[in-house]
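Taking it in order: structure first as structure tokens, then the write-up.
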Amino acid sequence: QVIPGHEARSVESLCWAAGDRLFGAGLGGDITEYDLSRLSAARGVDGGGGPIWSMAANGTGTQLAIGCEDGSVKIFQVVPGGIQFERNLDRRKGRVLCLSWHPSGTHIVAGSIDFFRVIDVTSGQTVQRIMVNHHVEKVKRECVVWAIALLSRGTVVSADSFGRVQFWDWEQGTLAESHTVSTSAVLSLAVSEKEDSIVVGTSTGATYQLQLLPVKLGGLEKRWVRTKPFQYHSHDVRAVAHSPTALISGGLDAQLVIRPLMERIQKKGYDAALRKFTFPHRRLVSCARKARLLLFQFSQHLELWRLGSTEETGKDGEVLPLCRMPEHLVQLKSKGPEHIYCSCVSPCGTWVGYSTASRFQLYRVCCDGDGVSLRKV
């Protein structure tokens, strides 16, 4: 399923709440609830703190926390038919790039640039503020905390632009462990349900797994160990998820990769296979065979091209010299903020149609000699 995009609705974060309700937030500053039967935005509420960089739901799915450009963390109550503003938590300078709730719902950890802080939800006050680049000598560039997690035992896990995954005792404010997993930024982080495995994604396209393992066989003392690096993406890995049996990653190369954890799968089959999904799944190029035209679909415009031609012949796969170059005939811009959902050109090349979430447009293609014009029908 695809929910069509919108010019004013960038999606910085998505989360499920109250069971099967899907919420999104972005740099437009609104929190949007999506209608999953109509595949559209059902309703939106202004966050009240400028662009929203992060959003997270508590364990029961009854509250949403958002992290804003102005440094504020706001709590919204999930109610039947929408969400309701509940309260502001302690505000500090610096945009809030990532958020995580304690499983009990008592505390929230919020990551910013050069620091993160732990906030008591009941009082709304910051109970701990920790500088993440304090241990690096002669730091001149800022350290961005891109992803963060608050574990049930009180450990904070942070992922930053220095390529580090760090484990903090937030009550003491001390660094327990630090793992430099990459020479570039660590952008995303997800923790397993049992909190004994972590997957992180980096800006080089690599994903890494860290596992909590005993120092000695049968011993009680455990340490985090980086176990498996995977290079399945060519660009930034902006999103990761940890299911009971697989590591899931999504990158700017438009690929979704599901890598099974073989030790958690009993028998061979579909679940034990590495699966890569390339997007988009819908056709963005359509062809008018008779007229030798191609229609390309972009989010806010269409382009109509005439194919080049050659007088040579050859075998399949050979590159032939062109006697006529491909020709860009016309560009059609969509009016309004909605993104184009689907488009098509007729086989004869005389009709072009496209639709958004709410409108359908049909055009007649008129050829006057070498020139081409469109007439809205």
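Extension gain, Asp169 to Leu36, is 43.9 nm, computed as 0.36 nm per intervening residue step minus the present C-alpha separation.
Here r is the Cβ-Cβ distance between Arg141 and His235 and R0 is 25 Å; the resulting FRET efficiency, rounded to 0.05, is 0.70.
What FRET efficiency, computed as 1/(1 + (r/R0)^6) with R0 = 22 Å and r the Cβ-Cβ distance, is obtained for Leu217 and Lys267, rounded to the nearest 0.05? Don't jump to the answer; show the numbers that get you there.
Values: r = 28 Å, r/R0 = 1.26.
For Leu217 and Lys267, the calculated efficiency is 0.20.
Compute the FRET efficiency between Glu86 and Val225 as 1/(1 + (r/R0)^6), taking r as their Cβ-Cβ distance and R0 = 25 Å, and round to the nearest 0.05.
Details: r = 40 Å, r/R0 = 1.61.
That gives a FRET efficiency of 0.05.
Label zone of Cys348 (point 7 Å out along Cα→Cβ, amide N under 16 Å): in the range 272-304 this covers 288-293. Ranking Tyr270, Tyr232 by solvent-accessible area of protein heavy atoms (1.4 Å probe, all protein chains present), from largest to smallest, gives Tyr270, Tyr232.
Accessible area, 1.4 Å probe, largest first: how do Ser104, Ser112 sort?
Details: Ser104 75, Ser112 0 Å².
Solvent-accessible surface, decreasing: Ser104, Ser112.
Pairs Lys216/Lys276; Lys194/Lys267; Lys228/Lys268; Lys228/Lys276: which exceed 29 Å Cα-Cα? Distance filter (> 29 Å) returns Lys216/Lys276. For the range 31-82, the set of trypsin sites (Lys or Arg not before Pro) satisfying both a DSSP loop assignment and a count of at most 11 other C-beta atoms within 10 Å is given as Arg38.
Only protein atoms count toward the accessible area here, which uses a 1.4 Å probe; on the range 206-327, the carbon and sulfur part of that area reaches 56 percent. Our note on the geometry: Cα centres of the range 38-63 and the range 91-127, 17 Å apart. In the assembled protein chains, Met262 presents an accessible area of approximately 100 Å² (probe radius 1.4 Å). Label sites at Thr204 and Leu14, each approximated as a point 7 angstrom past Cα along Cα to Cβ, lie 2.9 nm apart. Partners of Lys93 within straight-line reach, counting lysines whose Cα lies under 16 Å from its Cα and excluding those fewer than 8 residues away in the same chain: Lys74. Taking only Cα atoms and a 10 Å spring cutoff, compute GNM fluctuations for the chain and point out the largest among Leu217, Leu27, Leu150. It is Leu217.
Quick check: residue separation of Ser299 and Ser184 times 0.36 nm, minus the Cα distance between them. What number comes out in nm?
Details: separation 115, 0.36 × 115 = 41.40 nm, distance 3.05 nm.
Here the answer is 38.3 nm.
The longest stretch of the chain left intact once loop-based GluC sites (Glu not before Pro) with at most 14 other Cβ atoms within 10 Å are removed from consideration, loops following DSSP, is 8-136.
For trypsin sites (Lys or Arg not before Pro), the sites in the range 187-238 that DSSP calls loop and that have at most 14 other Cβ atoms within 10 Å are Lys194, Lys216.
Bridging of Lys333 to lysines at a Cα separation below 18 Å is possible for Lys376, once same-chain residues fewer than 8 apart are set aside.
The values are calculated or read from the model by the stated rules, or taken from the named source; none is laboratory data. Note that the structure is predicted; figures quoted are calculated from it, not measured. All Cβ positions, even for glycine, are placed from backbone atoms using ideal geometry, and neighbour counts span all protein chains on display. With ligands, DNA and RNA removed, areas are computed over all heavy atoms of the protein, side chains included. Shrake-Rupley method; radii C 1.70, N 1.55, O 1.52, S 1.80 Å.
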